[in-house]
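Working notes, beginning with the structure itself.
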Amino acid sequence: MDLNVILSQLETVGEEDVEELLRQYIRENSHTFSFDPKEESLRIKLCQSVLSVLGRQVKPGCQKTCLETLRILSRDKRVLAPVATREGMLILGGMARLKAGRDGVDNRIVSREDAPSEEEEEERVVVVVEALKCLCNVVYNSPAAQQVSVDVQLADGLCATLRTARTWHHEVGLFTLRLLFLVSALRPDVRGVLRRELRAVALLTEVLEHTLGVSWVGPYECARPDPQAVAMPAEDNERTMEALKALFNLTLSDTGGEEDDHHFRLIAAILRHLLMLKTETEEKTEEAHSHAINLLNNLPVSCLDVLIDVPVQGGLEMYGGKNMDAVQMLIDFMEKRMDKQGSNYKEGLTPVLSLLTEGSRQHREIRRYIKAQVLPPLKDVKIRPEIGTTTRNKLVRLMTHVDMGVKQTAAEFLFVLCKESVDNLLKYTGYGNAAGLLVARGLLAGGRGETQYSEDEDSDTEEYKSAKPFINPITGHVEEPMPNPIEEMTDEQKEYEAQKLVNMFDKLSRQNVIRPMGVRPDGTLAPLEETLCDQPEDSGSDSD
């Protein structure tokens, strides 16, 4: 339908005709996401007209139709000027039943009847959901609307709605949480207000408790999920993920303090509970676990002891009586992400690797448990470390990944499992795979990282001990003996080949194709001429 026709009639016809006009527009554009630039000015006028209708006292049915129209229009960020105003945001905030600022809802938008029937309340819930969807689109697409949302204190209204989470309709809760996520993601300055003044972290924690059905059996311990219980419903899982995303934004910067530490430990306990749950599909379960892992990375590493300190549920004696169920879930998640074909390792795998690395660095029991799973004692050293299907093989392959972040994270994880000992790392990976990490850490000359670890509890297998003298330190495996290419050469031929090689290196060096490098005493690389100058003077000793 021609926009000019809609606009010419919209201001003069009654509610029913307004609905009919807009319904036709909705039918024709419900799946439209790319709009004709030539009609941009007409769509701006349509936004203004729809807001004008919403500002009048119209029935919920008409409100719903207007909001659906506005939701379609809000997909085009170039026409949002009429909505991205104080008046426009207050109208949408009122329709969404959000408190507009700290003085209450704008009275012009409050419904006329004080005691609506059940049917009318259902209609109004639909209106609230549509208004929240519009706000999500508008805030996401318009920087001006983001600023207005701060001016009208939209965050206050969202937090007020969080306090009613136990009585939420699913979609009201879902889009309230999504809007809170968008506001906190797009306006970093609002995060401090949400945390300090509005107690949003505590409110979101309560939302998670209610949604996941958490029952506390200790200060930071949730009751074990019933293995026979039905899977978490899809709707609960959707709200859980939106709450986790909002909490992720709010915990990006740690302000510290006892109250924060208490809330962080509560969150860690709830996330442990979530890691033990399954949803209706494996894909959704993995997605929920991914959001839980992202949030765990934001928590202080000292709070990760909550994942293994669960006395009521018991633990493993060999790991100090700690419960390793959650750690095992993290290892399983890591292996799934490594096996997923065509996955984005940087987004999908590095968060869990970082979490396991920090957990292993700070908590001895976690490190010991993970090392037993990932780096068991070596037996067969005839195969290169990067070849095979074990977890160690997959991680060693990642040490030479093209993505620098993936490569560094995988190498750091294995290094920490080896107690930051260069010798131990080379035993499991070979020098060639570990070279990048050693250069970055200045450990080419050997040694250890700066972190302090307990005494080594490892013991080499008999198979490894017998094969150790024959292992190539570069490749990390026992190689088949190769024929000596110069064995049958005469001394003159050997000298000729040696001089030829020297000339080739000299030519490449003078053309700056290569640059000879050496290792300083501190383990860092430097141009060869500099490292030769750093060598101590010959004392006359015959020792190397």
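Please give the helix 431-441 orientation as an angle from the longest Cα principal axis of the chain, in degrees from 0 to 90, rounded to the nearest 10.
The two axes meet at around 70 degrees.
Answer with one residue from V230, T176, V214: the one whose Cα lies farthest towards the positive end of the charge dipole of region 140-240, charges on Cβ with Lys, Arg +1 and Asp, Glu -1.
Positive-most Cα among the choices belongs to T176.
Over the C-alpha atoms of the chain, what are the Rg and the largest Cα-to-Cα span, Dmax, in Å?
31.7, 107
Ignoring ligands, DNA and RNA, what percent of the accessible area of the chain is carbon or sulfur (1.4 Å)?
On the way: 14170 of 28340 Å².
Ligands and nucleic acids excluded, carbon and sulfur give 50 percent.
Taking the Cα-to-Cβ direction at D226 and at K494 and moving 7 Å from each Cα, how far apart do the two end points lie in nm?
Reported label-point gap for D226 and K494 is 8.1 nm.
With a/c under 1.5 counting as rounded, go ahead and sort region 282-407 into rounded, prolate or oblate using the C-alpha gyration tensor (a ≥ b ≥ c being the square roots of the eigenvalues; past the cut-off, prolate if a/b is larger than b/c, else oblate). Can you show the working numbers first?
Numbers: a/c = 1.88, a/b = 1.24, b/c = 1.52.
Here region 282-407 falls in the oblate category.
Accessible area per residue, 1.4 Å probe, Å², for region 135-183: what's the number? Present the calculation step by step, with values, prior to reporting the outcome.
Numbers: 1780 Å² over 49 residues.
Accessible surface, normalised per residue, equals 36 Å².
If you average the sequence gap of Cα pairs under 8 Å that are 6 or more apart and divide by the length of region 201-328, what percent do you get for the contact order?
Rounded, it is 28 percent for region 201-328.
Taking only protein heavy atoms into account and a 1.4 Å probe, give the accessible area per residue of region 222-282 in Å².
With all protein chains present, region 222-282 gives 48 Å² per residue.
Per residue, how much accessible area does region 353-465 have with a 1.4 Å probe, in Å²?
45 Å²
Along the charge dipole of region 337-422, pointing to its positive end and built from +1/-1 on Cβ of Lys, Arg, Asp and Glu, which listed residue (F415, G388, G359) has its Cα farthest out?
Of the options given, the answer is G388.
Which FRET efficiency, nearest 0.05, do K346 and Q9 yield, Cβ-Cβ r, R0 56 Å?
0.60
Post the alpha-carbon centroid distance, region 141-188 to region 372-416, in whole angstrom.
Cα centres, region 141-188 to region 372-416: 43 Å.
List the relative contact order of region 404-520 as a percent without decimals, with contacts defined as Cα pairs under 8 Å and 6+ residues apart.
This gives 24 percent for region 404-520.
Local charge sum around G449 (other residues, Cβ-Cβ under 12 Å, Lys/Arg +1, Asp/Glu -1)?
Local net charge: +1.
Can you run the Rg to Rh ratio on region 283-322? Use alpha carbon positions and the Kirkwood inverse-distance Rh.
Using Cα coordinates only, the ratio equals 1.10.
Could you tell me which of S34, Q313, H273 has its Cα farthest along the dipole of the chain towards the positive end, charges placed at Cβ (Lys, Arg +1; Asp, Glu -1), taken about the Cα centre?
Of the options given, the answer is S34.
Taking square-rooted eigenvalues a ≥ b ≥ c of the alpha carbon gyration tensor, is region 217-286 rounded, prolate or oblate, where a/c under 1.5 means rounded and, failing that, a/b exceeding b/c means prolate?
Details: a/c = 3.36, a/b = 1.50, b/c = 2.24.
Verdict is oblate for region 217-286.
Would you mind calculating the gained length between S52 and E286 on full extension (0.36 nm times residue separation, minus the Cα-Cα distance), in nm to one decimal?
79.8 nm
Which of rounded, prolate or oblate describes region 454-521 when judged by the alpha-carbon gyration tensor and an a/c cut-off of 1.5?
Taking the square roots of the gyration eigenvalues as a ≥ b ≥ c, region 454-521 is oblate.
Can you tell me how much longer the chain between L252 and R23 gets when fully stretched, taken as 0.36 nm per residue apart minus their C-alpha distance, in nm with one decimal?
78.1 nm
Hey, what did the chain get for relative contact order, percent, Cα under 8 Å, at least 6 apart?
Taking the mean separation of contacting Cα pairs over the length of the chain, I get 7 percent.
How far apart, in nm, are two points set 7 Å out from the Cα along the Cα-to-Cβ line at H170 and at S302?
4.2 nm
When Lys and Arg each count +1 and Asp and Glu each count -1, what net charge do the other residues less than 9 Å away from R367, Cβ to Cβ, add up to?
My count for the surroundings of R367 gives +4.
The values are calculated or read from the model by the stated rules, or taken from the named source; none is laboratory data. Please read all numbers here as calculations on a predicted model, not as lab measurements. When we count neighbours, we look across all protein chains shown, and the Cβ atoms used for this are built from the backbone with ideal geometry, even at glycine. Side chains included, ligands, DNA and RNA excluded: accessible areas come from the protein's heavy atoms. Shrake-Rupley method; radii C 1.70, N 1.55, O 1.52, S 1.80 Å.
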